[in-house]
1. Kindly indicate whether any position in region A:208-219 is under 40 Å from the mean Cα position of the chain (by Cα) and outside any helix (DSSP H, G or I).
2. Of the residues A:LEU593, A:LEU614, A:LEU698, A:LEU645, only one is outside any helix (DSSP H, G or I) and in contact (Cβ under 8 Å) with a residue 40 or more places away in the chain; which?
3. A:ALA231 fails exactly one of the following numbered conditions: (1) within 13 Å of RNA strand B (Cβ to nearest atom); (2) open to solvent by 40 Å² or more (accessible area, probe 1.4 Å); (3) at pLDDT 90 or above. What is the number of that condition?
4. Pairs under 8 Å by beta carbon, first residue of a type in the set (S, T, N, Q) in region A:183-208, partner at pLDDT below 90 and away from RNA strand B (no atom under 15 Å from the Cβ), six or more apart or different chains?
5. Restricting region A:180-199 to residues that are among the small types (Gly, Ala, Ser) and under 10 Å from A:GLN435 (Cα atoms), which is most open to solvent (accessible area, probe 1.4 Å)?
6. Does region A:308-326 contain at least one residue that is open to solvent by less than 70 Å² (accessible area, probe 1.4 Å), in contact (Cβ under 8 Å) with a residue 24 or more places away in the chain and within 14 Å of RNA strand B (Cβ to nearest atom)?
7. Which number in (1) away from RNA strand B (no atom under 12 Å from the Cβ); (2) in contact (Cβ under 8 Å) with a residue 40 or more places away in the chain marks the one condition that A:GLY743 misses?
8. Among A:GLY765, A:GLY838, A:GLY831, A:GLY847, which is closer than 21 Å to A:VAL684 by Cα, open to solvent by less than 80 Å² (accessible area, probe 1.4 Å) and among the small types (Gly, Ala, Ser)?
Amino acid sequence: MSEIPKAYEPQSVEDKWYQYWLGHDCFKADPARVSERRPAYAIVIPPPNVTGVLTLGHVLNNTIQDILARKARMDGKEVLWLPGTDHAGIATQTVVERTLKKQGVIKHRDDLGRDAFLERVWEWKEKHGGIIIQQLKKIGASCDWSRERFTMDPEYTRCVQHVFVDLYRKGLIYRGKRMVNWCPASLTALSDEEVVMKEQKGFLYHFKVEVVEEPGRFLTIATTRPETIPADTAVAVHPRDPRYASLIGKHVRRPLPLENQAPIPIVADDHIDPEFGTGVLKVTPAHDKADFEIGHRHRLPLIDAIHPNGIMNEHAGRDLAGLERFAARKKAAELLESIGALDKAEPYTNHVGYSERADVPVEPRLSEQWFLRYPGVEASRHCVAPPHDAEHPGPAHPAPAPHGHPGTIRFFPDRWAKVYDHWMGHLQDWCISRQLWWGHRIPVWYRRAEGAPSDAAPLETRCQIESPGPGWVQDPDVLDTWFSSWLWPFATMGWVGETEKDQHNATLRAFYPTVDLVTGPDIIFFWVARMIMAGIEYRGAVPFRNVYFTGIIRDKQGRKMSKSLGNSPDPLDLVARFGADALRFGVMRSAPLGQDVVYDEANVELGRNFCNKLWNACRFRQMQGGEVQAEIRPDLLTNDDRWILLRLDQAMQEIDRGYEEYRFNEISQTLYRFFWNEYCDWYVEASKAGLNSDQPALKANKVAVLDFVLSHTLRLFHPFLPFITEELWHGLGYAQDMPAPQGGVTLMQAPWPRPLSTEEREEWGLETSVDAVAAAKFELVTLGRNLRAQFNLPANKRLRFILKPAGEMPTHEVDVLRLLLCAESVEVVPGSWTAPQGTPSVANRLGDLFLPLAGIIDPAAERTRLGKDLEKIEAEILKVREKLDNPSFAQKVPAKVLAEHQQRLADWQTKKDQVLSALGNLAA
RNA sequence: GCGCGCUUAGCUCAGUGGUAGAGCACUUCCUUCACACGGAAGGGGUCGCAGGUUCGAGCCCUGCAGUGCGCACCA
């Protein structure tokens with residue numbers, strides 16, 4: 001820091017230190033270093049999509065993880081922050097396929113074939129896969145990059161296959177023909193979690209059908225999907241609905257397709273709500289989950305009238321076949337109308353399941369899929385601590401689990417535990433097969449029975465990782481991406497699922513279970529819950545102890561940040577303009593626990609300004625010269641020195657509490673308040689009196705206090721602002737002062753500052769009265785500055801003030817007052833001194849401060865000003881007195897609060913007297 | 001329908017029973033030797049509404065109103 005620019009320039013600093021940290025292996029975790037004195041601390045990154053780019057959500061999420069990791073290192077822990085990426089099946093395959101189509105390489109992925117297409121996806125992954133990792137480095141993420149993992153790495157793939165085979169053998173994975181959520185755009189099955197309900201405006205069509213056995217009698221049916229009428233195989237009514245009781249067992253004539261108006265039975269089923277519509281439901285077992293069950297109960301045939309891609313097929317009849325399902329809906333309504341069967345079509349809003357990924361309505365569809373019955377459900381459900389009960393508060397952090405017990409997990413904020421519990425209590429089997437190419441192929445093999453002549457021959461099935469040999473064909477489907485990511489916390493640590501080997505895996509032994517997980521509540525079911533189940537099933541222990549759920553970053557209109565809306569700023573652009581530290585600080589300051597965050601660039605600007613303030617405060621220290629980090633001499637400490645040491649202590653305590661409860665925005669606010677409002681605004685300004693002293697010992701001691709505060713501040717700031725603090729740590733020479741492994745090489749390894757010990761407080765004379773004295777002094781200064789402003793005296797005009805102290809007033813304190821008041825001089829007068837008539841003044845318990853302007857000022861204006869003050873003071877007195885006068889107040893209130901109120905009253909009384917006397921002086 | 005949030009200054013938001021806060025924006029003054037990415041002073045709030053508990057409520061309880069998000073097989 002030999003040549004110090006006036007403003008902080010992050011660009012020249014950030015890359016330098018990131019390379020330095022990498023070069024010194026600062027991010028590397030070594031299980032061999034773990035001991036009782038050096039506990040392990042691990043976080044696994046929520047693996048971003050390998051082809052993704054960094055969003056503000058990632059910045060928030062990963063900054064929190066980086067803060068936790070850096071703090072843990074300073075706490076002396078052996079830290080593993082394990083990074084990696086996810087292959088993101090559908091998303092990645094879609095992107096690559098779309099790109100190849102755009103380039104004109106293919107019309108459909110079938111043009112290439114499975115193997116060739118996958119080659120292209122791997123090429124794409126190699127080319128674009130590193131982007132988000134590089135971006136994470138730009139924001140300072142201190143991951144152990146030597147352990148970076150990808151969910152399709154060979155070892156990881158092996159884990160996935162191993163788990164599949166194991167669950168298959170345990171009978172938890174099975175294949176079945178079921179109704180699944182089918183995405184007609186991606187042409188694959190989806191899990192229930194990948195379907196989002198959306199409001200959809202449409203029509204409720206009422207149409208008539210004739211009862212076959214009673215010609216001339218009609219039933220009216222309400223439906224939102226007339227295009228599925230050709231696939232109806234029954235109509236259903238409630239068994240106890242008197243309107244239709246006589247019709248049960250009879251038939252109606254299905255109106256569509258026109259060329260095949262077949263009779264279908266009227267069945268009775270409890271599922272029907274007699275109140276809804278006409279109380280008659282058309283039953284389409286092949287295209288509706290509930291109808292499928294009704295069909296099952298009544299052994300109804302299935303008619304599948306829709307192709308997988310959403311186009312109506314031949315069963316829909318000649319009028320509808322070939323039409324897309326929504327066009328067919330319109331057409332079906334027209335057909336009904338043309339035969340006079342349509343009663344009415346009333347506008348109607350209902351909820352329809354959409355494919356989250358492709359954003360098209362899912363089509364319930366019967367198909368052969370693989371399902372998982374979740375393992376370890378009961379243990380997983382009970383290991384998460386229920387929401388905090390005010391009457392029975394649990395420990396802030398769960399203790400490590402006793403041997404053989406899976407352990408417990410705390411959620412932050414804890415209300416998510418309820419959501420988790422509800423989901424765990426209503427688990428449905430998980431559809432894990434996907435009709436995609438990109439992903440882990442299902443390790444199941446089929447073979448026709450030997451010598452079998454036709455397709456009708458039964459299939460032999462084997463579930464194992466390697467091919468059983470010639471003649472065996474592997475299942476074409478791949479696994480849901482989450483079926484690999486639910487193994488993330490241990491598969492990334494080299495777990496292989498063989499007891500012997502896993503027991504000798506040092507990383508796994510040292511770092512599993514991890515400590516913290518930081519993720520979004522939107523993947524609580526997708527990922528968090530499933531990881532817990534996998535952890536308990538395969539490691540016998542929960543995968544993490546604390547889960548921090550971030551908020552969701554929204555734009556100013558409250559919308560989620562999304563690529564398609566184009567409302568997400570590019571974080572790297574923000575880094576370029578404001579610096580990585582500024583971005584981190586701005587995001588963290590505005591992200592309270594459990595609350596969504598409205599993004600505002602002003603927050604990042606604030607972060608930049610804060611970095612600049614820090615920079616300049618350190619510059620100021622450097623300009624004072626002198627020995628670095630000298631011993632503080634207690635006998636030379638002024639009240640201001642003691643005050644700032646107390647404020648620092650207070651800040652350290654607040655920050656420690658903040659970390660305990662993951663209240664990062666509070667930490668950042670404490671850092672901001674302490675450094676800017678307490679240290680810079682008051683202490684640094686006041687210290688200039690001592691620094692300008694002609695007594696070298698006084699000046700040296702002042703510098704020693706500056707160093708003490710700054711060296712602590714830089715450490716406190718480091719988890720939030722890693723780059724600038726490292727630069728300043730070295731620039732100010734604090735690194736030279738520390739042992740190499742504890743800050744001598746890098747601030748990253750410096751010990752976390754602890755609140756002051758009783759000994760230190762005693763040695764430095766940090767009594768509580770220090771605060772009161774400082775507060776009174778600063779108040780008097782504000783009053784004096786206010787006086788200056790009241791009389792429109794320019795801020796740069798040097799004024800003479802006169803001080804009549806109420807008690808003792810050391811010379812150096814007068815110097816401080818002079819500096820803070822920006823005064824030419826502050827003349828101290830004895831208690832007997834009386835001001836000339838009409839001299840404006842202010843006062844507090846330290847004394848009276850006069851601005852000798854007699855004759856210059858307008859007594860009337862001054863009287864108005866003082867009158868206003870008096871009004872305010874009397875209102876305050878009234879407020880306090882009202883409380884004190886209440887008889888039960890004195891009886892019931894804690895002594896401390898009572899004393900506070902009495903002191904407050906006394907203070908206001910004093911002020912009132914002073915204002916009254918000033919008014920008297922004016923009038924005389 | 002059930003569950004969970006949110007409603008505090010013009011804006012974005014902290015506030016965990018004891019004198020209503022921050023940043024931005026606004027008004028006035030100041031390029032004073034760390035910082036104009038800065039300094040000083042100031043204006044601005046019946047804390048969504050109505051009850052209740054309490055000596056005392058922005059905070060706890062009940063109801064209501066707005067708003068957002070989950071979960072849910074009403075076609």
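The values are calculated or read from the model by the stated rules, or taken from the named source; none is laboratory data. Keep in mind that what you see is a predicted model, and the values were worked out from it rather than measured. All Cβ positions, glycine included, derive from the backbone under ideal geometry; neighbour counts span all protein chains shown. In case anyone asks, the SASA skips ligands and DNA or RNA and just uses the protein heavy atoms, side chains included. Shrake-Rupley method; radii C 1.70, N 1.55, O 1.52, S 1.80 Å.
1. To start, the set of residues in region A:208-219 that are under 40 Å from the mean Cα position of the chain (by Cα) comprises none.
Taking every residue of region A:208-219 in turn, none turns out to be under 40 Å from the mean Cα position of the chain (by Cα) and outside any helix (DSSP H, G or I).
2. Details: A:LEU614 fails: outside any helix (DSSP H, G or I); A:LEU698 fails: outside any helix (DSSP H, G or I); A:LEU645 fails: outside any helix (DSSP H, G or I).
Exactly one of A:LEU593, A:LEU614, A:LEU698, A:LEU645 is outside any helix (DSSP H, G or I) and in contact (Cβ under 8 Å) with a residue 40 or more places away in the chain, namely A:LEU593.
3. It fails just one condition, (2).
4. Final answer for the pair search is A:SER186/A:ILE90; A:SER186/A:THR94; A:SER186/A:ALA358; A:THR188/A:ILE90.
5. Step one: filter region A:180-199 for residues among the small types (Gly, Ala, Ser), giving A:185-186, A:189, A:191.
In the following step, the residues that additionally are under 10 Å from A:GLN435 (Cα atoms) were identified as A:186, A:189.
Values: A:SER186: 21, A:ALA189: 0 Å².
Of everything passing the filter in region A:180-199, A:SER186 is most open to solvent (accessible area, probe 1.4 Å).
6. Yes, region A:308-326 contains a residue that is open to solvent by less than 70 Å² (accessible area, probe 1.4 Å), in contact (Cβ under 8 Å) with a residue 24 or more places away in the chain and within 14 Å of RNA strand B (Cβ to nearest atom).
7. Going through (1) away from RNA strand B (no atom under 12 Å from the Cβ); (2) in contact (Cβ under 8 Å) with a residue 40 or more places away in the chain one by one, A:GLY743 breaks only (2).
8. Details: A:GLY838 fails: closer than 21 Å to A:VAL684 by Cα; A:GLY831 fails: closer than 21 Å to A:VAL684 by Cα; A:GLY847 fails: closer than 21 Å to A:VAL684 by Cα.
Sole residue among the options that is closer than 21 Å to A:VAL684 by Cα, open to solvent by less than 80 Å² (accessible area, probe 1.4 Å) and among the small types (Gly, Ala, Ser): A:GLY765.
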